[in-house]
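Below you'll find the structure, written out as structure tokens, and then a few comments.
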Amino acid sequence: MKIAIVILAIWSCLVIKTHGLAVMSVDLGSEWMKVGIVSPGVPMEIALNKESKRKSPAVLSFRDNIRLFGEDAQTIGIRFPKNSYQYLMDLLGKNISHPIVKLFQKRFPYFDIVEDKDRGTILFKHDKNTFYSPEELVAQMLVKAKEFAENGAQQKIKECVLTVPGYFNQVERKALLQAAELADLKILQLINDYTAVALNYGIFRTKTFNETAQYVLFYDMGASSTTATLVSYQNVKVKDRGYAETHPQLTILGVGYDRTLGGLEIQLRLRDYLAKKFNEMKKTKNDVTKNPRAYSKLFKEAGKLKNILSANVEYHAQIEGLIDEIDFKQAVKREELEALIPDLFDRVTNPVEQALKTAHLSMDVVSQVVLVGAGTRVPKIQEILQKHVKQELAKNLNTDEAAAMGAVYKAADLSTGFQVKKFITKDAVVFPIHVTFDREVDGATKHVKRTLFGLMNPYPQKKIITFNKHISDFNFNVNYAELEYLPDNEVLNVGTTNLAEYHLSGVEDVLKKNVGDNIDPKGIKAHFLLDDSGILNLINVEYVVEKTVTEDEDEGTFSKLGSTISKLFGGEDKKPEDEEPTKETPEETEQKPEEATEKPKTEEKQPKVNETETKNATDKTAPKEVKPKIVTIKDPIKTSEVLLSINPLSEKQLVKSSEKISAINKIEHDINRRASALNNLESYVIDVQVKLDEDEYSKAGTAAEVEKIKAACSEISEWLYEDGSEADADTYENKLKELKELTNDIFSKVWEHRERPEALNALHSLLNHSTHFLLSAKNLTKTTNLEKDVFTDVEVEALEKLIKETTEWRDKQVKEQAKLKKNEPIKLTVKSITDKMGSLDREVKYLVNKIKYWRPKKVEKPAEDKKEKTDKDEKPIKEEKTKTEESIEEPAPVDSETIEPSETEDNDPHTEL
């Protein structure tokens, strides 16, 4: 009992201390969702859904204003396909004319997709008055992911790392971030799915890495897309903390992808094949493809058929009551499936070639090809891939959970509550980003293009574009360019290549303000950051000049301010003849983001100044020369941004969407609360009825009490099956509260009778130990032992008195309790026993702690010895100190269970406790 109480107290402290430290990851794929968690005491783990499964179908359905998710949503989706939403990630950040949207409409013709004219994107028309944007639907999936994670971690979670397809552009990434904002998640980072997989692969193989790069190709065929990624692993030395450390590092070298090649396309081909076979039977005049419910049934059966044919050569697809109450059965062989998708097989190796091409490497350097994704389980795909790469395919990775586990490792690394072994990840740019602008040259307008982030440039990274020919307000554009390495259809899938237009105003005024003979202009500098989520940000735009002043010259407030500001935005500036970007390496960005200083133009003159200073120091009669000083001044320039693609949700739209989702969350919460309250009431009624039939419980109450409780249970049971079936949560909870008030007395008596023997045993054990301790303590007083006077007589007598009183109280209470019947009020409660134990335990601990820090008193030496020692040096005197003297000068704790005697003392066996 005592141990249990102590453990409970410690656990309560831990919960308070670690509350809110858990983090999560979400791998939200087109077809499945996996959630990873890290919480105190629980290492990286996959959060289970309410069915205790490790992955959930990424399906969201609505029926009678009730939201369903996962398997429940799939069930509703068969009956009401239009009200069930899936494969939503592909629709983020796209307009109604986008090729992917057109393909989605072709694949699922029963959805009513309309244009959102305010933003230029799409909306699902759910009913006459209800519309959902892709962001709102994805946000509700993330709400469920957060719920699973919090149930697994047993605490609230807000910080998250989300996986994202590596081919997502700026608009798609920002749309996903807004969906996470609607779900009330703080996104630590968006991590590309292949980077998360590569990280998960690497963290378990760090011992195999060295300074030589190892190349691994990951081939991932999922539901909607296929990606091939070439990754290098090696150990690198970094100086993040001021000294060299060696850490493993993964670098994304090459990426190839196909947005529409995946298991979904195979499933759709099978669906249409089964529909064709059924229509050929001519058992009904109705076309099965025109009936959404029947078409949805065929889609589900096609998914099952696809999975089974991956391991078997033949399977009989069958659906009861497909349409017009007609059953359908069709045998399908693997050869028939392969005959449906020859064009897909031709595309299998294209991502591999694209990845090698962008990495400028060949298959000769690749040590392993690792399969990822459920689509790679198709035997024919493995056969084609293996023949192409000419080596065995590795299947040693958990394809379902690798991305979620890699992302949650990154989440733990980025959070402040955990410390993990550092694993450096360097991602790469898939879509090159350029800056374009117009400039007047000899009276003609010249269109200039400058690369900001090239293909496969690493990120996160900062870069600076310098404009040194403009003297008035001007514009520049940021867009995608040089996408020729992609197939034509993939260039179209990127969407608009124009990202944003920036207008710089007040340029002429800023330039006029910074003129003079001692002013050296460095141009207008635009600072860009491609952050770790792959999102481009314009940090600021400023006009930079270098002003030469002397020490005696009054610089003025503005110059001093410019000198201070110069320390904030670093990067070595060279004066270009034309506009050009200045690159800051990732290492510089991470170690010293903005601490580098601008290189002055007059650097060559600096040594002469130093020589003058040296001469002045040696020749005091020489006149003192004035030392020039260079101050960097940065004057901000007002900048406005105009997005040239899909507009994000405005603040007003975010609030409106958030309110819509909150209302749906409340409805779901109320439904779940009512279901829980009903279930709790029903369970408790049954539990009480069963227990009252047992002697242990029936004897703990009077006959009248037992009959009253039984009558109440019968009344509630009848009410539940009649009028109470439609009651609300409050009614169920009140009924349960009333029933518990009736049963509390009996149930508490049963608990007391059960726990009392264990509590008395604990008290008996404590009394025995205390008595043995008392015997030893009596030999450690001044009265009994002059050399070991640890305790005073009063302390020993107090302990003896407490032991005696506790023993007498126990014996008396046990006898009185034994005389009582089981249904009479409890005389000897468990709490009274633990209170007595607490008092005795505190007294013993006080004395034990006194032993722990006790030391023998200093022994006085005879006068002759003292006189002898005064004639000696001070150092020998210190060396001849006894151990007793040393322990008095520097007390140190010893084992709390043993007193160690000094060399001059007898080893008294009674000192052992």
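The values are calculated or read from the model by the stated rules, or taken from the named source; none is laboratory data. Quick caveat: nothing in here was measured; it's all calculated off a predicted structure. Don't worry about glycine lacking a Cβ; one is built from the backbone with ideal geometry, like all the others, and counts go over all protein chains shown.
List of remarks:
- Given (1) closer than 21 Å to Phe528 by Cα; (2) part of a loop (DSSP other than H, G, I, E, B); (3) free of Cβ contacts under 8 Å to residues at least 40 places away in the same chain, index of the condition Leu455 fails: (3)
- Residues (at positive phi and out of contact with any strand residue (DSSP E or B) (no Cβ under 9 Å at 6 or more places or on another chain)) located in region 427-469: Asp442, Gly443
Residue-wise test of (1) assigned by TED's automatic domain parsing to the domain that holds Ser232; (2) of a type in the set (D, E, K, R); (3) within 31 Å of the chain's Cα centre (by Cα); (4) in a helix (DSSP H, G or I).
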| position | (1), (2), (3), (4) |
| --- | --- |
| Lys357 | yes, yes, no, yes |
| Val370 | yes, no, yes, no |
| Thr376 | yes, no, yes, yes |
| Glu383 | yes, yes, no, yes |
| Gln386 | yes, no, no, yes |
| Asn396 | yes, no, yes, no |
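- Meets criteria (of a type in the set (Ser, Thr, Tyr), assigned by TED's automatic domain parsing to the domain that holds Ile381 and in contact with a Pro (Cβ under 6 Å, 6 or more places away or on another chain)) for Tyr257: yes
- Test result for Val378, buried (at least 16 other Cβ atoms within 10 Å of the Cβ), under 30 Å from Ile46 (Cα atoms), in contact (Cβ under 8 Å) with a residue 24 or more places away in the chain and touching a Phe, Trp or Tyr at 6+ places or on another chain (Cβ under 6 Å): no
- Picking from residues in region 387-424 that are hydroxyl-bearing (Ser, Thr, Tyr) and at pLDDT below 95, the one that is farthest from Val348 (Cα to Cα) is Thr416.
- Any chance Leu780 is in contact with a strand residue (DSSP E or B) (Cβ under 9 Å, 6 or more places away or on another chain), modelled with pLDDT under 90 and crowded, with 18+ Cβ neighbours inside 10 Å: yes
- Within region 309-353, the residues that satisfy the criterion of being of a type in the set (Lys, Arg) and outside any loop (DSSP other than H, G, I, E, B) are Lys329, Lys333, Arg334.
- Members of region 777-809 that are of a type outside the set (A, V, I, L, M) and over 28 Å from Asp835 (Cα atoms): Asn779, Thr781, Lys782, Thr783, Thr784, Asn785, Glu787, Lys788, Asp789
- The listed residues are Phe168, Phe124, and the only one of them that is part of a loop (DSSP other than H, G, I, E, B), of a type in the set (Phe, Trp, Tyr) and assigned by TED's automatic domain parsing to the domain that holds Arg54 turns out to be Phe168.
- Candidate set from region 342-355 (those that are hydrophobic (A, V, I, L, M, F, W, C) and closer than 11 Å to Leu230 by Cα); member that is nearest to the chain's Cα centre (by Cα): Ala355
- Whichever residue in region 262-309 is small (Gly, Ala, Ser) and closer than 30 Å to Arg347 by Cα and, among such residues, is surrounded by the most Cβ atoms within 10 Å (Cβ to Cβ): Gly263
- Residue selected from region 200-240 under the condition among the aromatic types (Phe, Trp, Tyr) and within 24 Å of the chain's Cα centre (by Cα), by the criterion surrounded by the most Cβ atoms within 10 Å (Cβ to Cβ): Phe218
- Residues that are of a type in the set (A, V, I, L, M, F, W, C) and assigned to a strand (DSSP E or B), drawn from region 196-241: Val216, Leu217, Phe218, Met221, Ala228, Leu230, Val231, Val236, Val238
- Selected residue (criterion: farthest from Lys125 (Cα to Cα)) from residues of region 29-53 that are touching an Asp or Glu at 6+ places or on another chain (Cβ under 7 Å) and assigned to a loop (DSSP other than H, G, I, E, B): Glu51
- For the criterion of being within 30 Å of the chain's Cα centre (by Cα), among the hydrophobic types (A, V, I, L, M, F, W, C) and not assigned by TED's automatic domain parsing to the domain that holds Asp272, Leu103 fails.
- Scanning region 700-744 for residues that are under 48 Å from the mean Cα position of the chain (by Cα), of a type in the set (S, T, N, Q) and closer than 30 Å to Gln817 by Cβ yields Thr743, Asn744.
- Tabulated pairs, region 151-172, first touching a residue at least 40 places away in the same chain (Cβ under 8 Å), second outside any strand (DSSP E or B) and of a type in the set (Phe, Trp, Tyr), C-beta under 8 angstrom, 6+ apart or interchain: Gly166/Tyr194; Asn169/Phe431
- Filtering region 497-538 to residues that are free of Cβ contacts under 8 Å to residues at least 24 places away in the same chain and touching a strand residue (DSSP E or B) at 6+ places or on another chain (Cβ under 6 Å) leaves Thr497, Asn537.
- The set of residues in region 415-452 that are within 19 Å of Glu501 (Cα to Cα), assigned to a loop (DSSP other than H, G, I, E, B) and touching an Asp or Glu at 6+ places or on another chain (Cβ under 7 Å) contains only Pro432.
- In region 408-426 there is no residue matching the filter, namely being surrounded by fewer than 20 Cβ atoms within 10 Å (Cβ to Cβ) and at positive phi.
- Among all positions in region 425-438, there is no residue which is farther than 18 Å from Asn192 by Cα, of a type in the set (A, V, I, L, M, F, W, C), at pLDDT below 95 and under 23 Å from the mean Cα position of the chain (by Cα).
- Single unsatisfied condition, Val114 versus (1) crowded, with 22+ Cβ neighbours inside 10 Å; (2) more than 28 Å from the chain's Cα centre (by Cα); (3) part of a strand (DSSP E or B): (1)
- Some residue of region 434-445 being within 27 Å of Gly256 (Cβ to Cβ) and in contact with a helix residue (DSSP H, G or I) (Cβ under 8 Å, 6 or more places away or on another chain): no
- Selection count where residues are of a type in the set (A, V, I, L, M) and surrounded by fewer than 20 Cβ atoms within 10 Å (Cβ to Cβ), scope region 318-334: 3
- Residue within region 134-143 that is modelled with pLDDT under 95, β-branched (Val, Ile, Thr) and not in a loop (DSSP other than H, G, I, E, B) present: no
- Picking from residues in region 532-548 that are touching a helix residue (DSSP H, G or I) at 6+ places or on another chain (Cβ under 7 Å) and closer than 29 Å to Lys426 by Cα, the one that is surrounded by the most Cβ atoms within 10 Å (Cβ to Cβ) is Gly534.
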